[in-house]
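See structure below.
The values are calculated or read from the model by the stated rules, or taken from the named source; none is laboratory data. Keep in mind that this is a model prediction, so the values were computed, not measured. Cβ placement follows ideal geometry from the backbone for every residue including glycine, while neighbour counts extend to all protein chains displayed.
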Amino acid sequence: MKTRFLPLLFFFFVFVFPVVSAADDLDALFLQAGIKYRKDDFQGASALYSAVLRGNPRSAEAFNNRGLCKAASGDFAGAVSDYSEALKLDPSMVAACNNRGIAMAKTGNYHEAILDYNQALRINAVLPEVYNNLGLARSALGDQSGALDDFNTALALKPYYPEALLNRGCARQKLAEHREALRDFQQVISFGSGYAEPYFYSAVSRSAMGDHKGALVDYTKAIAISPSYPEAFAGRALAKIRSRDYRGALDDYDKVIGLQSDNPELYYNRALVKVKLSDFPGAEIDCSLALERNKVYAEAFFLRGIIRSELGNREGMLADLRFSADAGYDPAKKLLKKEMDKR
């Protein structure tokens with residue numbers, strides 16, 4: 001089973017309030033904008049910061065905070081532009097460096113994000129949140145060892161930091177250091193954060209270590225906290241398969257498909273379970289559903305070919321094996337040759 005794990009990304013947003021000036025009306029607008037921002041009225045807050053900038057176009061704080069509003073609304077390009085304007089006006093503004101890095105990371109520009117985080121740390125080297133963000137960017141680029149160093153630094157500066165602990169655990173998990181990762185996830189759980197993710201990642205490490213019973217417990221806890229957590233249902237289904245609980249796995253695949261009906265791998269995996277339960281007609285349907293969503297899914301063609309053979313449909317089997325072989329799937333090539341040699 002191919003599972004896409006989605007780590008929880010915790011970012012550090014710095015919201016800057018201005019030094020009180022003689023322009024009381026602008027100060028009032030600034031404060032009103034902050035209130036709207038905290039009420040999640042990002043468009044309203046952005047409009048007020050724009051009004052502040054019309055009155056004082058050299059307010060680095062207003063550019064930074066309007067950038068936060070744009071980022072919160074999903075306009076990361078606009079946010080980057082505002083943070084850049086803030087930095088032109090005040091190159092030492094750590095908040096704008098960090099926040100621009102976050103916006104860069106959100107759009108997949110991790111190299112640029114790292115440059116911004118490092119710039120922030122050159123200005124102030126004792127910000128654990130920036131080290132956490134730097135670690136996330138390094139991890140996204142595949143540098144898990146570098147990410148681990150950054151998360152360790154963040155935790156040295158701020159020992160009670162559940163987000164950095166969770167992210168360090170994820171980096172350790174990617175390095176196959178599952179025992180150490182599990183300790184991090186369990187420590188996050190001990191903090192009582194109430195989030196589902198620590199249980200999910202704990203389950204992943206337990207499963208990798210062969211503790212499928214413990215993985216089932218943690219997946220179930222993750223689902224109890226977040227009943228619409230597709231990765232947790234998919235992970236629990238896999239743990240049930242490894243525990244030979246095929247009916248339980250089938251129930252979980254039914255639930256996760258209800259949440260992610262466009263994912264072809266889920267139908268393929270459910271087909272495998274149905275084969276285990278000797279439900280060949282149902283398995284054939286699931287393979288077909290997978291192929292509707294991915295028309296070049298070589299493994300699904302191969303599996304459907306095997307199923308059609310069980311159902312006595314030799315021509316259908318040969319057609320599927322040809323599709324799978326043409327897609328480069330070696331097991332299909334070998335089986336097709338064997339079947340053709342029978343003629």
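If I filter the range 259-270 for residues that are hydrophobic (A, V, I, L, M, F, W, C) and under 30 Å from PHE200 (Cβ atoms), do I get at least one hit?
yes
Conditions tested, residue by residue: (1) more than 21 Å from GLY248 (Cβ to Cβ); (2) in contact with an Asp or Glu (Cβ under 9 Å, 6 or more places away or on another chain).
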{"position": "ARG270", "(1), (2)": "no, yes"}
{"position": "VAL273", "(1), (2)": "no, yes"}
{"position": "LYS276", "(1), (2)": "no, no"}
{"position": "SER309", "(1), (2)": "yes, yes"}
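Answer yes or no as to whether LEU321 is surrounded by fewer than 19 Cβ atoms within 10 Å (Cβ to Cβ), closer than 20 Å to LEU336 by Cα, in contact with a Phe, Trp or Tyr (Cβ under 8 Å, 6 or more places away or on another chain) and not small (Gly, Ala, Ser).
The answer is no for LEU321.
Is it fair to say ASP211 is under 23 Å from GLU177 (Cβ atoms), surrounded by fewer than 19 Cβ atoms within 10 Å (Cβ to Cβ) and acidic (Asp, Glu)?
Yes: the conditions hold for ASP211.
Exactly one condition in (1) within 23 Å of ARG304 (Cβ to Cβ); (2) over 18 Å from the mean Cα position of the chain (by Cα) is false for ALA239; which is it?
The number of the failed condition is (1).
Filtering the range 218-253 down to residues that are more than 22 Å from SER193 (Cα to Cα) and of a type in the set (Phe, Trp, Tyr), which residue is surrounded by the most Cβ atoms within 10 Å (Cβ to Cβ)?
Ranking the candidates gives TYR253 first.
Take ALA103 and tell me if it is in a helix (DSSP H, G or I) and at pLDDT 95 or above. Steps first, answer last, please.
Working: in a helix (DSSP H, G or I): yes; at pLDDT 95 or above: yes.
When the stated conditions are applied, ALA103 passes them.
Just checking, which of TYR131, TYR117 is hydroxyl-bearing (Ser, Thr, Tyr), assigned to a helix (DSSP H, G or I), crowded, with 24+ Cβ neighbours inside 10 Å and touching a Ser or Thr at 6+ places or on another chain (Cβ under 6 Å)?
TYR131
For the range 254-285, which residues satisfy the criterion of being closer than 18 Å to ARG242 by Cα, acidic (Asp, Glu) and loosely packed, with under 15 Cβ neighbours inside 10 Å?
ASP254
Counting only residues that are assigned to a helix (DSSP H, G or I) and charged (D, E, K, R), which one in the range 134-150 is farthest from the chain's Cα centre (by Cα)?
ASP149
Which of the residues spanning the range 94-133 are within 18 Å of the chain's Cα centre (by Cα) and not assigned by TED's automatic domain parsing to the domain that holds PHE63?
Of everything in the range 94-133, those that are within 18 Å of the chain's Cα centre (by Cα) and not assigned by TED's automatic domain parsing to the domain that holds PHE63 turn out to be ASN132, ASN133.
May I ask you to verify whether SER288 is assigned to a loop (DSSP other than H, G, I, E, B) and of a type outside the set (Phe, Trp, Tyr)?
no
Checking THR153 against (1) within 20 Å of GLN119 (Cα to Cα); (2) β-branched (Val, Ile, Thr); (3) in the same structural domain as ILE223 (by TED's automatic domain parsing): exactly one of these is not met. Which one?
Exception for THR153: condition (3).
Among the listed residues LEU127, LEU166, LEU136, identify the single one that is touching an Asp or Glu at 6+ places or on another chain (Cβ under 9 Å), of a type in the set (A, V, I, L, M, F, W, C), farther than 22 Å from ILE225 by Cβ and touching a residue at least 40 places away in the same chain (Cβ under 8 Å).
Result of the check over LEU127, LEU166, LEU136: LEU136.
Determine whether the range 59-72 contains at least one residue that is outside any helix (DSSP H, G or I), at pLDDT below 95 and closer than 25 Å to TYR117 by Cα.
yes
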